[in-house]
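A short worksheet on the structure shown next.
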Amino acid sequence: MRKTRVRFAPSPTGPLHMGGVRTALYNYLVAKKAGGDFILRIEDTDSHRFVPGAEEYIIESLRWCGIVPDEGLDASGRLAEVPDERNPHAPYRQSQRRGIYRKYAEQLVEAGCAYYAFDTAEELEKERAAAESAGQTFIYNAATRGTLRNSLNMDAAEVARLLEERTDWTVRFKMPVNTVVAMDDLIRGHIEVNTDTLDDKVLWKRADELPTYHLANIVDDHLMEITQVIRGEEWLPSLPLHYLLYAAFGWERPEFAHLPLLLKPVGNGKLSKRDGDKMGFPVFPLQWTAPDGQVSRGYREDGYFPDAFVNLLAMLGWNPGTEQEIFSMEELIQAFSLDKVGKSGAKFNPDKAKWFNKEYLRMRSDEELASLFMPILKENGVEAPEGTVREIVALIKERATFVSDFWNISWYLFKAPAEYVEKDAAKFWKPENVEMAHEALLNTESAEAMEEYIRGREWPIGKVMNCIRLALTGSSSGLAIADIMRFIGREEVLNRFHRAEERL
């Protein structure tokens, strides 16, 4: 049996969508479980859609998620350009491999599986317009290629002249006539398609001397010995062509698996950046600044832990068959299999994403969370001993979803309130409540003793305690008064109460 080798081959056309990260993750899990290799390759054959910085963004996103390629990156963490022991198939950027592909396109022409096409863009547009006016759809295939400008309809001398003089010709695949292509997908099962419904796709373009995705990915997957191609379902319509290309070359075909789409939180349709902007959640792993200066939110910058993000993605389309929802990367590797990936789209739930992060926050040690909280305290002008911060984190982390929540939950443990919630003050800061609270504070040393003092006099415990809480926190909500008093001390408690008396 061949060693398992899978690849993630995104295009550098912008930020990596979370659906793309999930594709990388599933490939990685398959490779690691089988003791195989996970390869990163950049498919940049469409030079018109190239976006500066996108390649670096892809690499950094995978690094943040802990999805580490076995092959494709050099020692500096950049895409490998020179072959070495770790990266024998370098370069891994398709634009740097352009010299490889033309010979394979020519090989298909010589075998009668492809042909040269000399139709101009204007000529093809006229064909499309004519078909549309007749209520039809133009397809460049066996039904039309006999009347179009290609090497199938020209003598050898004319073809040779045009190949020499023209720079806008292409190589197209010659789709067989009325042939059933029988295919097997690891997720979707058996599929059959008749070739008469397919067009003769362009494989190579003389204009930029670059292949299209269809030829490049087949050639590279073969040369890189890929055993499973795991990609999004948007590539499912291309599967018949890819099957036929492998057959035309006489190469061993990898197994294919087409992953379901990530769907909008409400309704059908693919999850898009627009959905995230509209509903207030990120769809990219990292923040992205577009060339025009527009900034898109990222899970990292929004405060998500990378392992929570990875766990979230794993569960979007995959069902382990148990009640377990929290998985470490190692647990995912052991449990994951493609036969448990569903066929239908997976609806994204932003609230579930927050739930995952909350669970992972709770699992973090108090020491780690304290170290993450310390810079936030510094930003807010607070210097506090690490031991104190660690104690506070232990007290508040059950209430938080993100580390950034810590400040909102606990700021009054570090600073006295400068303002008081108006509706809370109107409800609880009444003369009789203030008088009872003042007496209780002066005559007791701890919150427990104070509560016992209030109950012993049969005073309304809720009114008195909320009056005190208002003075300490600026509102009637927050941590238990006993915890607040323990951290700020009795002297500060009295100072804050007197301050509230002056202001309210």
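Quick test of your reading of the structure: Arg486 fulfils all but one of (1) at pLDDT 95 or above; (2) under 49 Å from the mean Cα position of the chain (by Cα); (3) surrounded by fewer than 20 Cβ atoms within 10 Å (Cβ to Cβ). Name the failing condition by number.
Single failed check for Arg486: (1).
Got a sec? Which of Val171, Val193, Val202, Val180 is closer than 23 Å to Glu234 by Cα and more than 34 Å from the chain's Cα centre (by Cα)?
Being closer than 23 Å to Glu234 by Cα and more than 34 Å from the chain's Cα centre (by Cα) holds for just one of Val171, Val193, Val202, Val180, which is Val180.
Looking at Lys358, is it in a helix (DSSP H, G or I), under 17 Å from the mean Cα position of the chain (by Cα) and at pLDDT 95 or above?
No: the conditions fail for Lys358.
Considering each of Pro320, Pro350 in turn, give the residue that is surrounded by fewer than 19 Cβ atoms within 10 Å (Cβ to Cβ), of a type outside the set (Phe, Trp, Tyr) and more than 29 Å from Phe256 (Cβ to Cβ).
Answer to the selection: Pro350.
So, in the stretch 416-447, exactly how many residues are exposed (fewer than 12 other Cβ atoms within 10 Å of the Cβ) and under 48 Å from the mean Cα position of the chain (by Cα)?
So the count comes out to 5.
Please go through (1) in contact with a His (Cβ under 9 Å, 6 or more places away or on another chain); (2) part of a loop (DSSP other than H, G, I, E, B); (3) more than 22 Å from Asp37 (Cβ to Cβ) for Met183 and return the number of the only condition it doesn't satisfy.
Looking at each condition in turn, Met183 falls short on (2).
Out of the stretch 317-341, which residues are touching a Gly at 6+ places or on another chain (Cβ under 7 Å) and at positive phi?
Gly317
How many of the residues making up the stretch 44-71 are surrounded by 19 or more Cβ atoms within 10 Å (Cβ to Cβ), closer than 26 Å to Gly293 by Cβ and among the polar types (S, T, N, Q)?
Going through the stretch 44-71 one residue at a time, the tally reaches 1.
Would you pick out the residues in the stretch 460-483 that are of a type in the set (Lys, Arg) and either touching a strand residue (DSSP E or B) at 6+ places or on another chain (Cβ under 7 Å) or surrounded by fewer than 19 Cβ atoms within 10 Å (Cβ to Cβ) (or both)?
Selection gives Lys463 alone.
Only one of these conditions is not met by Glu158: (1) over 30 Å from Val51 (Cβ atoms); (2) surrounded by 15 or more Cβ atoms within 10 Å (Cβ to Cβ). Which number is it?
Against the list (1) over 30 Å from Val51 (Cβ atoms); (2) surrounded by 15 or more Cβ atoms within 10 Å (Cβ to Cβ), Glu158 comes up short only on (2).
So that you can scan it fast, the table gives a plain yes or no per residue for (1) closer than 24 Å to Asn194 by Cα; (2) over 40 Å from the mean Cα position of the chain (by Cα):
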position: Arg93; (1), (2): no, no
position: Gln96; (1), (2): no, no
position: Tyr104; (1), (2): no, no
position: Leu108; (1), (2): yes, no
position: Ala129; (1), (2): no, no
position: Tyr140; (1), (2): yes, no
position: Gly146; (1), (2): yes, yes
position: Met154; (1), (2): no, yes
position: Glu158; (1), (2): no, yes
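Residue check: is Asn150 among the polar types (S, T, N, Q) and over 22 Å from Tyr246 (Cβ atoms)?
Considered against the rule, which asks whether it is among the polar types (S, T, N, Q) and over 22 Å from Tyr246 (Cβ atoms), Asn150 comes out as yes.
With the structure loaded, tell me whether Thr212 is out of contact with any helix residue (DSSP H, G or I) (no Cβ under 7 Å at 6 or more places or on another chain), farther than 29 Å from Gly53 by Cα and touching a residue at least 24 places away in the same chain (Cβ under 8 Å) or whether it fails that test.
no
Kindly provide the set of residues from the stretch 197-219 that are touching a Ser or Thr at 6+ places or on another chain (Cβ under 8 Å) and either in the same structural domain as Ala9 (by TED's automatic domain parsing) or farther than 14 Å from Leu245 by Cβ (or both), ordered by number.
Lys205, Arg206, Ala207, Asp208, Leu210
Can you find, within the stretch 264-280, the residue that is modelled with the highest pLDDT among those that are surrounded by fewer than 19 Cβ atoms within 10 Å (Cβ to Cβ) and either touching a Lys or Arg at 6+ places or on another chain (Cβ under 6 Å) or among the hydrophobic types (A, V, I, L, M, F, W, C) (or both)?
That would be Met279.
Which of the helices (runs of 4 or more DSSP H) found entirely inside the stretch 53-162 contain at least 1 residues meeting this: in contact with a Phe, Trp or Tyr (Cβ under 6 Å, 6 or more places away or on another chain), outside the structural domain of Met329 (by TED's automatic domain parsing) and without any contact (Cβ under 8 Å) to a residue 40 or more places away in the chain?
So the answer is 121-133.
So which of Ala449, Ala471, Ala437 is in a helix (DSSP H, G or I), outside the structural domain of Glu391 (by TED's automatic domain parsing), of a type in the set (A, V, I, L, M, F, W, C) and farther than 27 Å from Glu398 by Cβ?
Of the residues listed, the single one that is in a helix (DSSP H, G or I), outside the structural domain of Glu391 (by TED's automatic domain parsing), of a type in the set (A, V, I, L, M, F, W, C) and farther than 27 Å from Glu398 by Cβ is Ala437.
Does Ser76 count as hydroxyl-bearing (Ser, Thr, Tyr), surrounded by fewer than 16 Cβ atoms within 10 Å (Cβ to Cβ) and modelled with pLDDT of 95 or more?
Yes; evaluated as a whole, the condition is true for this residue.
Mind listing just one residue for me: the one in the stretch 379-408 that is charged (D, E, K, R), over 31 Å from the mean Cα position of the chain (by Cα) and in a helix (DSSP H, G or I) and, of those, nearest to Asp302 (Cα to Cα)?
So the residue we want is Arg390.
Taking Arg496 as the residue in question, decide whether it is surrounded by fewer than 12 Cβ atoms within 10 Å (Cβ to Cβ), out of contact with any Lys or Arg (no Cβ under 8 Å at 6 or more places or on another chain) and on the phi < 0 side of the Ramachandran plot.
The answer is no for Arg496.
Just a yes or no: is a residue in the stretch 319-332 in contact (Cβ under 8 Å) with a residue 24 or more places away in the chain and of a type in the set (Phe, Trp, Tyr)?
Among the residues of the stretch 319-332, not one is in contact (Cβ under 8 Å) with a residue 24 or more places away in the chain and of a type in the set (Phe, Trp, Tyr), which makes the answer no.
Of all residues in the stretch 400-439, how many are over 30 Å from Trp355 (Cβ atoms) and not β-branched (Val, Ile, Thr)?
22
The values are calculated or read from the model by the stated rules, or taken from the named source; none is laboratory data. Only a predicted model underlies this, so the values are computations on that prediction, with no experimental measurement involved. Cβ sites come from the backbone with ideal geometry, for glycine too, and all protein chains shown count toward neighbours.
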